[in-house]
Amino acid sequence: MQSLLTFNHVDRSDEQPAERGIAIAVVRKGTDRSSIDEYLDELEQLCATAGAEIVLRIVQERDRFDPATLLGKGKLAELVQFVRDYAVQFVIFDEGLSPVQVRNLQTALGVKVLDRSMIILDIFAKHARTLEAKTQVELAQLQYLYPRLTRLWPHLSRQYGGIGTRGPGETQIETDRRLIKERIAHLKQRLFDIERQRAVQRSERKDSFRFALVGYTNAGKSTLFNQLTNATVRAEDKLFATLDTTVRRCQLPSGREVLLSDTVGFIRKLPAHLVASFKSTLAEAVESDVLLHVADATHPALDHQIETVTETLATLGIEQKPHLLLLNKVDALSDRDARHQLAYRYPNALLISARTCYNIHSLLLRMEEYLLSACMRMRVHVPYHAMRELAYIYANATVEHRTDADEGITIEFLVPRAQAGQLLSLVEPFAPSVEYSLEQS
C-alpha cells in the first residue's frame, strides 16, 4: 500500500476560526495522480464553501477497501496521531462511508467523521432559501442520516417530539427512528403538494419554447442567466449558490421570446437521494425543449465535469434531449492557442463569456435556430367576424407579418409543430373563406 501526504499552510489570523479538518482519499492502486488531486481539490473547495478549512490531505492507495474502516489498520493508527497533532475537529473522506464505517472511525478518532455526501448536504442546507429548497434538503438529510441514526442523531426527539412522544416499550433509538419516518412522510407530502403547484405553473407555460441551463456547479450558469434575461439571480463564485429554479423570459434577436430556466448545478458523486429530493426543481430541465450545457472552460477537470453532467442527465432520462455545449469563462484564457484547442476538442460547442458578454449574441442566434427548427410557418386569412380566433393566434404563436384588407386580415406567423394541428383545426371551419399554407422553417 502507498500513502501520499500533502500539507496546507493556512493563515486565518484576521478571521474567525473555522473548523479544521483532514481530507482523505482512499483509491485503488494505479489511480491517476492528477485525478486524485482533482478529487481532493474539489473536496477542499466543498469544505471551504461550508465554512471549514482543510489543514492536511492524505491519499492512500489500496488493493481492496477495509469494510470496517475503509483505511488499513496501520494508516488508521497514523490518522489517530494526525488528529491529535493538528487538533482537528473533523475528518472527511472523498468516498461514501457506510454507517458501520462512520461508527468505527468516530470511535477510533474521537472526532466527527464525514463523507462527501454529508458535506454536500451541509452546503445545500446552508444555501437553501425558499420553502421548497429547505424541504428538499431536509428530506435528503433525513434519508441519508436515518441508517446512521445511532451516532449522528442522538437527540432527535428534542427537535421533533418531546414528552408523550415515546410509544409503549420504545427505546430512545426506536422513538427517534419512528419520528424520522414520520417526518420523512410529512416532507414527501409537502413536496408532492409543491410539485403539483409547479406542474400547474409549467402547464401554463407549455405553449412557450423553453431552454434550461444545466451544468456543473460554479460553471457560471446564473451569471449567464442574468445576462440573457436581465434578471438579478444570485450569482457567486461558490459551489451550489443556486438551489432554486428560476424561470424568466428571454428575448431573441428577432424579437421573439422564449423561456429560460436556471437550475441547480451538478457535481461528481452527487448523492442519488439528493437528486431524487430535487426532482421537482429539476423538472424544469426535464420538460424543456433544449438544454444549454454550461461548462467552465478554465477548469483543469473540464472533461470530467462534462462527463459528470452527461451522466446525471442520463439518470434523469434526458441525455438525448437537444442540447448545446457552452464553454464559459473563456475571457480568463489569456492564451489564444488555448481557445483554438478548445474549439478543436469540442467542435460543436460555443465559446462564450457570461461575464464580458463575449459571443452572447451568437448564443442568442443559435437559440433562435433551435426555436425555428421546432416551428412551422403558417399564413392564414381571417375574416373580421373571426376576431376571437385571431386573438388565439396572437396568444399562441409568433406573428411575423400582418396585412389588413377589406375582406379580412392575412397574417403570417410561427407556431410550434406540436400546436400546429390544434391551430389548424381552429381555422378550418372558416374554409373556404380562410386560406392557409404550411411550410417548414
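The values are calculated or read from the model by the stated rules, or taken from the named source; none is laboratory data. This structure is a prediction, so every number in the text was calculated from the model and none was measured. Neighbour counts run over all protein chains shown; Cβ positions are idealised from the backbone, glycine included.
For the reader, a short list of remarks on this structure follows.
- The listed residues are Leu114, Leu156, Leu145, and the only one of them that is of a type in the set (A, V, I, L, M, F, W, C), at pLDDT 80 or above and not assigned by TED's automatic domain parsing to the domain that holds Lys269 turns out to be Leu114.
- Glu42 closer than 18 Å to Leu121 by Cβ, of a type in the set (Asp, Glu), assigned to a helix (DSSP H, G or I) and out of contact with any strand residue (DSSP E or B) (no Cβ under 7 Å at 6 or more places or on another chain): yes
- Selected residue (criterion: nearest to Phe192 (Cα to Cα)) from residues of the range 120-129 that are surrounded by fewer than 22 Cβ atoms within 10 Å (Cβ to Cβ) and among the aliphatic types (A, V, I, L, M): Ala128
- Residue in the range 87-110 that is touching a residue at least 60 places away in the same chain (Cβ under 8 Å) and in a helix (DSSP H, G or I) present: no
- Only one of Lys126, Lys181 that is assigned to a helix (DSSP H, G or I) and modelled with pLDDT of 85 or more: Lys181
- Residue list for the range 353-386, restricted to those being of a type in the set (Gly, Ala, Ser) and over 24 Å from the mean Cα position of the chain (by Cα): Ser362, Ser373, Ala374, Ala386
- Complete set of residues in the range 383-429 that are surrounded by 11 or more Cβ atoms within 10 Å (Cβ to Cβ), of a type outside the set (A, V, I, L, M, F, W, C) and touching a residue at least 24 places away in the same chain (Cβ under 8 Å): Pro383, Tyr384, Glu389, Tyr392, Asn396, Thr398, Gly408, Thr410, Glu412, Pro416, Arg417, Gln419
- Filter result for the condition that a residue is crowded, with 21+ Cβ neighbours inside 10 Å, more than 18 Å from Lys269 (Cβ to Cβ), touching a residue at least 24 places away in the same chain (Cβ under 8 Å) and of a type in the set (Asp, Glu), over Glu61, Glu132: Glu132
- Any hit, the range 348-360, residues being hydroxyl-bearing (Ser, Thr, Tyr) and out of contact with any helix residue (DSSP H, G or I) (no Cβ under 9 Å at 6 or more places or on another chain): no
- Test: residue in the range 386-396 that is at pLDDT below 80, touching an Asp or Glu at 6+ places or on another chain (Cβ under 9 Å) and either farther than 17 Å from Gly255 by Cα or among the aliphatic types (A, V, I, L, M) (or both): yes
- Residue within the range 256-272 that is assigned to a loop (DSSP other than H, G, I, E, B), small (Gly, Ala, Ser) and buried (at least 21 other Cβ atoms within 10 Å of the Cβ) present: yes
- Output for the range 343-353, where each listed residue is surrounded by 17 or more Cβ atoms within 10 Å (Cβ to Cβ) and either over 22 Å from Ser254 (Cβ atoms) or free of Cβ contacts under 8 Å to residues at least 24 places away in the same chain (or both): Tyr346, Ala349, Leu351, Ser353
- The lone criterion from (1) surrounded by fewer than 17 Cβ atoms within 10 Å (Cβ to Cβ); (2) closer than 29 Å to Leu109 by Cβ; (3) modelled with pLDDT under 75 left unmet by Gln201 is number (2).
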